[in-house]
1. Just need a number here: residues in segment 35-93 that are of a type in the set (A, V, I, L, M) and assigned to a helix (DSSP H, G or I).
2. Tell me, please, whether a residue that is outside the structural domain of residue 146 (by TED's automatic domain parsing), touching a His at 6+ places or on another chain (Cβ under 8 Å), buried (at least 18 other Cβ atoms within 10 Å of the Cβ) and on the phi < 0 side of the Ramachandran plot can be found in segment 114-121.
3. Restricting to segment 156-204, name every residue that is over 21 Å from residue 221 (Cβ atoms) and either acidic (Asp, Glu) or loosely packed, with under 15 Cβ neighbours inside 10 Å (or both).
4. Using the structure shown, decide if residue 33 is closer than 23 Å to residue 106 by Cα, of a type in the set (S, T, N, Q) and in contact with a helix residue (DSSP H, G or I) (Cβ under 6 Å, 6 or more places away or on another chain).
5. So, of the residues in segment 1-25 that are crowded, with 16+ Cβ neighbours inside 10 Å and not in a helix (DSSP H, G or I), which turns out to be modelled with the lowest pLDDT?
6. Out of the residues in segment 205-221 that are closer than 16 Å to residue 120 by Cα and either charged (D, E, K, R) or not assigned by TED's automatic domain parsing to the domain that holds residue 124 (or both), state the one that is surrounded by the fewest Cβ atoms within 10 Å (Cβ to Cβ).
7. Assuming residue 152 fulfils every condition listed in (1) outside any helix (DSSP H, G or I); (2) touching a Cys at 6+ places or on another chain (Cβ under 7 Å); (3) under 26 Å from residue 41 (Cβ atoms) apart from one, which condition is it?
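The values are calculated or read from the model by the stated rules, or taken from the named source; none is laboratory data. Bear in mind the structure is a predicted one, so any value in this text is a computation, not a measurement. FYI the Cβ positions are ideal-geometry reconstructions off the backbone, even for glycines, and counts take in every protein chain you see.
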Amino acid sequence: MPQTAEILQSGTGNRTVKLFVNLNRSRTFREKNRAFAMEGGRLILDALSSGVRLRALLWTEKAREQYGREIPSAQVPQQTLLISDALAKEIADTETAQGIFAIAEMLPEKAELPAHGTRNMLLHCVQDPSNLGAILRTAEALGTDGLYLFQCCDLYNPKTIRSSMGALFRLPLMRLTDMDAFFAHCRAVSLPTCAAVVDRDAELLGGYDFCRGAVVLIGNEGNGLPREISAACEKRLTIPMSPASNSLNAAMAAGLFLWEMAKS
């Protein structure tokens, strides 16, 4: 298994270590390099089993002993570094680091524009990485034909990756740049678009039949969907709530809609 003989210590200025740190911190840096940072044995093993290609692997002696046999030799990158416990703690993005880190290549987007009869979700300007990751995880668990993102936070933010529990690597995802074109496509294939809104005059979720398929639109955590976006949708649906409550967490709302679509 290729790797350096010496153990890298804190303050060595190693280029691969610096690259990992910059990928962890900066969306711009990730997009420029078409790469992202990961940490944790389960996540890295899950990524490898999902077809993610590693550019570099960094681990402590303990992590190498724990995970070395689980990583197929063909998937071990040439750039594999042994690092000290102190350096692992320094570069970790979590409080309880497992001592194993990786630099990986971004995956190509797997989704296509939605077809008639399919069940899909569009996230509009969702900005919390943990929310985004939780929605990805739920979407994989409940099933979706396509997950579309418009001006959302970074898919490869470390918090998004961890919260998704590997779903990011397997879901049919597509990032959108033109909402008008997306609506036009849905009309052309007779696929209903449904705005998730907080409005007691909207149709209640649970009463709507998703048998024809749909695209459900979930809005920003603080502001919901813009008025022009919800107005462009064929249906406006709301989750029944207690009179004392006026909103739900975006990830929770998305989960309820995904559950209702899965039931149809």
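1. Taking segment 35-93 first, the residues of a type in the set (A, V, I, L, M) are 35, 37-38, 43-45, 47-48, 52, 54, 56-58, 63, 71, 74, 76, 81-83, 86-88, 91-92.
Pick out the ones that are also assigned to a helix (DSSP H, G or I) and you get 43-45, 47-48, 63, 74, 86-88, 91.
Counting residues in segment 35-93 that are of a type in the set (A, V, I, L, M) and assigned to a helix (DSSP H, G or I) gives 11.
2. The answer is yes, given that some residue of segment 114-121 is outside the structural domain of residue 146 (by TED's automatic domain parsing), touching a His at 6+ places or on another chain (Cβ under 8 Å), buried (at least 18 other Cβ atoms within 10 Å of the Cβ) and on the phi < 0 side of the Ramachandran plot.
3. Once the filter is applied, which keeps residues that are over 21 Å from residue 221 (Cβ atoms) and either acidic (Asp, Glu) or loosely packed, with under 15 Cβ neighbours inside 10 Å (or both), segment 156-204 yields 177, 178, 180, 181, 184, 187, 188, 189, 190, 201, 203, 204.
4. On the way: closer than 23 Å to residue 106 by Cα: yes; of a type in the set (S, T, N, Q): yes; in contact with a helix residue (DSSP H, G or I) (Cβ under 6 Å, 6 or more places away or on another chain): no.
In short, no.
5. Looking at the filtered set, the residue picked out is 3.
6. Within segment 205-221, the first condition is being closer than 16 Å to residue 120 by Cα, and the residues that meet it are 205, 208-219.
Checking which are either charged (D, E, K, R) or not assigned by TED's automatic domain parsing to the domain that holds residue 124 (or both) leaves us with 209, 212.
On the way: 209: 9, 212: 13.
Within segment 205-221, the match that is surrounded by the fewest Cβ atoms within 10 Å (Cβ to Cβ) is 209.
7. The number of the failed condition is (3).
Conditions tested, residue by residue: (1) surrounded by 13 or more Cβ atoms within 10 Å (Cβ to Cβ); (2) in the same structural domain as residue 166 (by TED's automatic domain parsing); (3) touching a Ser or Thr at 6+ places or on another chain (Cβ under 6 Å).
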position: 27; (1), (2), (3): yes, no, no
position: 32; (1), (2), (3): no, no, no
position: 41; (1), (2), (3): yes, no, no
position: 47; (1), (2), (3): yes, no, no
position: 56; (1), (2), (3): yes, no, yes
